[in-house]
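Notes follow once the structure below has been shown.
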Amino acid sequence: MAKNDKDDNSEEDDLIENEEEDAGEDEDLSLAEKHKALIDKIVAQRVADAKTKIDKAYSKAEKLAVENAALKKDLEASRRKKLEEDGKLVEAKESELEELRAEKIQLEEALNAITRDQEIEKVLGKLGVEFRSNFARDVAVKEIRSQLTKDDDGEWVHKSGASLSDFVKTFVKDPEKEETLLKPKENSGTGQDRNKSGFKKTDVKLSELTNEQMLKLAATGKLGSFSY
């Protein structure tokens, strides 16, 4: 009888130990979830702050550009009027033609920007490139855009002379771009050490990250593991 009591007590001890282990695992999982939620909140705030500052800077620059253009136009009009009053009609006409040439250049630049972005989007579409988020797409397009120029035939190409299509193919195959900007591909079972977010496991302090690094992480829509 004593033996049976001993066996019963042993089974109870095992059950209690298992319950304690399960509770410990649940607690660890809860802490991990809270930790990730905290990281998400910090990143979201930093991205929002950075975006607000960038938007304000662009808005201010655009406003100043418009004001400067209007002021310049008024000054040129006053100068032409003075030339005409002084009987210098030829100089007045030359000034007017110069202003028209400048406006023509501005229109051409605007048209170039539109056709350039259309070509980029066309190539991305043909290659079936999928981004992690709209923010990631904007980051990628901006970087691609900055490295393009027109060749003698008026075609958009990379500064090296490579075609736009070839450059974009190389761009999206870059490991860093795949990691931070592109939508993750389905797990192919390569056995790489990654956490649930799709990033390689890291041990990085938030205080050591630059705003640029934070923005790249935010562009992915997912985060790895950090310490703070």
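Some points to look at:
- Inspection of the range 79-87 identifies no residue that is closer than 30 Å to Asp174 by Cα, in a helix (DSSP H, G or I), in contact with a helix residue (DSSP H, G or I) (Cβ under 7 Å, 6 or more places away or on another chain) and of a type outside the set (A, V, I, L, M, F, W, C).
- Residue match in the range 110-128 (condition: of a type in the set (Lys, Arg), free of Cβ contacts under 8 Å to residues at least 12 places away in the same chain and in the same structural domain as Phe171 (by TED's automatic domain parsing)): yes
- The single condition among (1) among the aromatic types (Phe, Trp, Tyr); (2) within 21 Å of Asn112 (Cβ to Cβ); (3) within 20 Å of the chain's Cα centre (by Cα) that Trp156 does not satisfy is (3).
Each row is one residue, and each column tells you yes or no for (1) touching a Pro at 6+ places or on another chain (Cβ under 9 Å); (2) at pLDDT 85 or above; (3) surrounded by 13 or more Cβ atoms within 10 Å (Cβ to Cβ).
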| site | (1), (2), (3) |
| --- | --- |
| Glu67 | no, no, no |
| Ala70 | no, no, no |
| Glu76 | no, no, yes |
| Asp86 | no, no, no |
| Leu97 | no, yes, no |
| Glu108 | no, yes, no |
| Leu124 | no, yes, yes |
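- Enumeration of residues in the range 143-167 that are in contact with a Lys or Arg (Cβ under 9 Å, 6 or more places away or on another chain) and of a type in the set (Val, Ile, Thr): Thr149, Val157
The values are calculated or read from the model by the stated rules, or taken from the named source; none is laboratory data. Just so it is clear, the structure is predicted and the values come from calculations on it, not from any experiment. When we count neighbours, we look across all protein chains shown, and the Cβ atoms used for this are built from the backbone with ideal geometry, even at glycine.
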